[in-house]
Structures are given as C-alpha cells and as structure tokens.
Amino acid sequence: MSKKSVIPVENDDEVTMPLVDYMALYKTVRKSQFSSPPEPFLLTSFEAHGIAEKTCTKFDLEIKLTVLKDDWVEIPLLPSTVAMSQVSIDPSNKNDIFEHCTSIRNDTISLSLKGKGSFTFKCVIQNPYENSRRNSVNLCTPKCSSGKVTFTVPQQNNIQITMSPFLTRKLEIKDSKTILISSVPPTNEVKIQWTEVTVTQAQTETKEEIKSPEEQIVTSIQETSFSVGEGILVVRSKFDLVLVHTSRSSFTVNVDKRLRLLQIDGYEIKRWRFTEAVVDAKEKEIQGSRVIPSQPSSSSSQSEQVQTSNLKTLHVELNIAVVDSYTFTVTMEMNTGGTSVKNFELLTPFCEDVSREKSFILVETRTNVEVNEVSSRGVTPLDVSEIPSSLRSLSTNAVCAYQSLYPRESSITIDVTKHQEAEVLITSIDAAYFELVAAAEGKIIHRVRLNVRNTHRQYLRATLPEGYSIWSTVVASVPTKPAVDKEGKLMIPLKKANSKNDSSSAAFLVEIVFVTQILPFEKKGKVPIHLAYIDVPINILNVSLYLPRHLNYNQLSGDLEKVKYFSNHFTPAVAQR
C-alpha cells in the first residue's frame, strides 16, 4: 500500500512540496491555460431573404454558427432595434443535446447556448422604412465571414435596386417581381434602396420623379471656406440638399473657371465631369461680374441665347436617385499668381436647379499672409461665431465670415500681402556653468555644462581656445560624437522636439569636457585664460576658476565679474525619456 503524499505547510505564505509534484502541477496549469479557444463561438455565414411590404420590410434570416465549448456561451447577434419573431435553432447533428434561449442585454439581442457543436439559427425580423417614400431600409446583419442578401420588390417595371456595401450583385425579374441577389462582406449594416425609373428617364440616365413644378422643392445650404496661402487658394464647399416631392440622381455646381478639382466626397457618386458654363443673355445683368460678354454677332437672336462665362459647370452623377436629403463636398484649388496680390476676386460656388439657397462663407489664412477685404457684393458680414460650427471647426485662423441668400450673385474682392518673416529664436540656453581647473605646468581642464532648449536646430557650434583636445561630449545623458566645420568650430548634434508630447519647453543638458594648454604659472606675471564661445544666447552664465594654491592672484580683468558666491546656482536639466 502506497504512502499518501502530504504537503507540509510551514507558515501561511509558503508551501513546501517535492520538485516532481511541482512540475506535474505546473504542466497541468499550463495545459489548462491553452485548452480553450480565444472566442467560444464562430459566426460562419448568414443568408437574409427580404421583401418590401406595405408598412415595413420583412426578412427571413438564417445564421450558421459553431459553439466550441460545452458550457453556456452568450452570442451577440443583432441590435435590439429590430423586431424578431419565429425564432428556432437546429443542430447539425440531431443527436446533440443542447439548451438555448434569447435575451436582450446592453441593447443587443443575444443567443445563449449550452452545448458544443454546429447550429443553424433562424428567425424573422421586421425593419421600418428609412423615409416617407418607403423605398429605403437599413438591414442589421451579424458580422460573419460570408453573407448573402436577397431582396424582392413586388413590381417589375423599371425598378432599380442598389445595395451598399456589396461584393457581387445581380438583378432579376421573376413572377412580376424585381429581385436583387447580392453577396456582402463582413459588416453590421447593409443599406438597400430602390427607385422606379420611367422609359424616358432611363434613356437619359436621369431618374428624377417629375410631378408638377409647384410640388418640387429643392433647398440648398452651402458652407464654403476660402483658405488663402502663399500663392495657393484652397476652396472647400459643402452642399446640404433637402428634396421635397422629388428625387435627384445628378447635380450641377457652377464654380470659378480657374479652380482645379481635388476631391469629391459623397454617397454613391458614379462619375463627374466639367463643362463650360453658359448663361442666357437676359441674365447677364443678374450675374454681374461673373459673365464676360461675348463678341458682337450679326445675328441678334444668337447673341441673346448664349454669353461666355468666367465659370465652369461641375456635373455630379450618382448611382441611385436620392430622396429627402443628400450631402456632398467639393474641394478645389487654384494659383493666385503670387504670394502678394491685389484685387483678387473670390467667386462662391453655387448649385443649379434649386428653389432656395443659402450660403455661409469663411475666409481664412493658412500661412503667414495678411488678407484685407477691398469690396464685397451680395453678402452680409457676420462674426465668426455666427457661422455654423461645422464650418468654423475647419478653420484655424479665420479672418472674416459672410452670409449670402443668393450665392450666384455674391463675390468678395481681397488683397493678399506677404510680409517679410522675422527671425525666430529656435534654440536657447537657460543657464550655463563653466568649470576650469588650472595646473601649475599650464594645462587647464574645461567642463562646460549647458541647459539647452531646442526645436529645429541640428547642431550647437562652439569656438574653443586654440590647441584644445576633446575629452567627452554628452547630450541628454547620451555620449555623442562631435564634428568640426570648415571654420574649425566644434559641432555638437542636438536633441529636437519632434512631437507635441516632446515639447520644446523641456530643457536638456549638454556637457563638453576638453583640455587646453596655456603659459606655465611663474612666480610673477600675467596668464590669459580664454573660455569657450557658444553661438547660442545664454541667459545666466556662472564660471568657477580653480588655480594652484602656492601663488597669490589679484588684478583680475576681462568680461567677467568676480563674486563671492553665485546668486543663481546652476541646476543641471534632467534628461526626458
């Protein structure tokens, strides 16, 4: 009969046990740490089959999942904003024994499962429409490795269905229904939108629902910023459009002909192009300075139709016809013709074919230039605090702000002046301490310590006495190898502030130790002693000179003042790590 192993306990904090038992326990603990997977479940794939009904959209959702442990596992599926019904779960192996329930926790519908294996979760969810026209829905989906969405609109005549995001999509017409079949990447939300396209609109690729002109209302609120730099003007215009009783799949914007397009941001943008802007001759007086009169023509009717404009038209086309509202942003730039210009005219971009419009305008400087308003037309001056916060947040140095209720008539003339830049001190020495120890045979050991602040300078230059010999150089507690320029000055590489966290307000210590040779100390005479010259201003300089004791010294002359003690003691800067 084997003897039972007992682990003696010597005190409350220590346990004594044989090494063999300890190693066995260690292996058991290590094995248990890696026995379970990082996540106790996997969401493999999902399929959603939806249809547009009268009051909402209805989806049959099927999710494939795998549980990797036998204990209870909570699996988040969908947000609690959807209405879920007809929930069921089937195991891949009919003989598997499991328990399950659904619950809502932290605004999420979760499935709790107890049982290891693969399962298929099925349910029916109902999503409300996103707008009053009932042609858009946001489908919340589980984030699976693969997904498939099938959506049906019970109408077959000229129905266009779009989905975002998607990997592949296919449109079918079957049994008087339009069906979109699409595969989607891992995502938590899919946006589906559908519109009806008439035959005439399909030919022109304009899917606007045309009713009587009185019912169509398009309102445009524009936010434009003019950023003036040294020879460059950057224009950023944001257009917030509100559509009532109409839909749009394209927009036109008139901009200054001198501008170059940098970027267009918006939802479902298909393509864009520029054309030369033309206006009716009868609108010449309304457009004002934005129109350049054409050459006289022998045909009066022809001259009344078209006038050459100093604008150009940007045409933006979308993949779908949008309703209710749409927002897009246009960023452009142009050369101003120099860093200093006079009477430079700023033309505000404006959207065509709108019922009402309002524009907020902000002029700012991006570099060291001065902007002064010469004249303005069609705008009302505002305080910078009165413009929308979304426009104000983009500005770092706003000069003036305006509001215009008719942007196509507005213009601002400014003068841009580039002044000569003043020299800025980018390196300084808060305090310096020179220690000199002289020997009777004529050698002096110099120890120079500097508390330096630096932002952009690469090297600190020091002019040392003739015949010097460097012993060591240390920058911020790190030994550094110095260099010598063509003029013989010692060059010491400096530490620079490279980020906002590494601020220039943090001083660091620079230390130089070198030896020079002077005349030996005789019983009587004069001995010249030269100090190191630093090419950076020093706020406080303390010098200590240690001389041989067997001689008497008087009649000290030079640029320094002899004192009994230092009123400001030197404290070496601590290196920031």
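The values are calculated or read from the model by the stated rules, or taken from the named source; none is laboratory data. Please read these numbers as outputs of a predicted model, since none were measured by experiment. Note that each Cβ is placed from the backbone with ideal geometry, even for glycine, and that neighbours are counted across all protein chains shown. Just the protein is used for accessible areas: all its heavy atoms, side chains included, with ligands, DNA and RNA removed. Shrake-Rupley method; radii C 1.70, N 1.55, O 1.52, S 1.80 Å.
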Checklist entry - Hey, can you rank 252-260, 551-559 by average C-beta count inside 10 Å, highest first? => result 252-260, 551-559
Item to check | Order by protection proxy (mean Cβ within 10 Å, highest first), peptides 534-542, 235-243 | outcome: 235-243, 534-542
Item to check | Hydrodynamic radius (Kirkwood) for the stretch 416-573, which is based on Cα pairs only, to one decimal in Å | outcome: 17.6
Checklist entry - Which sequence of T81, T455 reflects their accessible areas, 1.4 Å probe, from the largest down? => result T81, T455
Checklist outcome for this item: The distance between the Cα centres of the stretch 323-396 and the stretch 57-93, in whole Å, is 52
Checklist entry - Quick one: which of 18-26, 484-492 comes out on top by average Cβ neighbours within 10 Å, and what's the full order, highest first? => result 484-492, 18-26
